[in-house]
Amino acid sequence: MKSLAALFLTLMLFAGCSKHPEPGVEPSRGEAAPCDGCAQGGDPKLTVVDSSIWMETVPGFSLGQISRPLGVLPFIQVEAISPPKCKFCQAFSGEGVEFDFGSAQDSLLSAVDSTLQPSLLMPGLQVPERDSVLFPLLLDSIAALPFVEGKALSDFGPWEERGNQTTEMLRNIPPSLRTKLSQLATRYGVNSLVMPVRCRVEMDPGAGEEGGYTFQILWMLFDAKKSQFSMIVHAKLTIETQGDAPPDRGWSHPFMVWLGKNLAQ
């Protein structure tokens, strides 16, 4: 694994060009996405003013023990919320949030363990074009399957009640969910799945010096070969700006810094 210093440097550069497809651009794993004007106006200076993070892992978890090859799913649900009067929200959208997160996640996984070589599961990449209609239907069906407390996999509710905690446990997975995830992994030739299940970003133009936002996410790592969730994270971060740069990009940055430190342990 690379050092945390190298990881931090990579994260500082995450807003630049990456392999993750840009909104409206045909995805290509071999070409960098355009980044005209990436650094115009300076990068936002973000401060986490409130946080609630639940993380559970299997006992003795290490990213190096994950079954290879590794497949990376797109978000199943993305919500981008902003008020009507928001002078810096022009680039803010569900597609923008997903691109921002996907680019940072690509860089993070490579920085933590260069041997992972994850495959992005999207039609035209690891997913054949013939599955263009089927693939989103599969993701929707997985999101609706019961998981904790019989609630849907994508439901934030069971995790919000847990507050801040880090724990080790072997979680029981309902057979319907375990089977569906294993079938998806087998269909696309991977043994583990990176699963950014749901993300919600809500802008607050009046927060901080130039605005702020709340970033909420449910992120999972499923080892299909072992039929278990190796890692589950629910995070809710309230973030404000300092300085004169608004939060017009880099919404996932504070979460990625936290996730990188925990994956690199």
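The residues of the stretch 103-200 expose, per residue, 45 Å² of accessible area to a 1.4 Å probe. The alpha carbon convex hull volume per residue for the stretch 93-237 rounds to 144 Å³.
Between amide H atoms placed 1.01 Å from N, distances below 5 Å from Gln126 occur with Leu120, all of them 5 or more places distant or on a separate chain. With semi-axes defined as the square roots of five times the eigenvalues of the C-alpha gyration tensor, the equivalent ellipsoid of the stretch 211-265 measures 29, 11, 8 Å, largest first. Pairs over the 28 Å Cα-Cα cut-off, from the set Lys45/Lys87; Lys85/Lys151; Lys87/Lys261; Lys151/Lys236; Lys151/Lys261; Lys85/Lys261: Lys85/Lys151; Lys87/Lys261; Lys151/Lys261; Lys85/Lys261. Between Arg187 and Glu149, the contour length at 0.36 nm per residue exceeds the Cα-Cα span by 10.8 nm. Neighbours of Arg178 by Cβ distance under 13 Å: Lys/Arg scored +1, Asp/Glu scored -1, total +3.
The values are calculated or read from the model by the stated rules, or taken from the named source; none is laboratory data. Remember, it's a predicted structure, so these values are computed and weren't measured experimentally. Note: ideal-geometry Cβ built from the backbone for every residue, glycine included; neighbour counts use all protein chains shown. We work out accessible area using only protein heavy atoms, side chains counted, and drop any ligands, DNA or RNA first. Shrake-Rupley method; radii C 1.70, N 1.55, O 1.52, S 1.80 Å.
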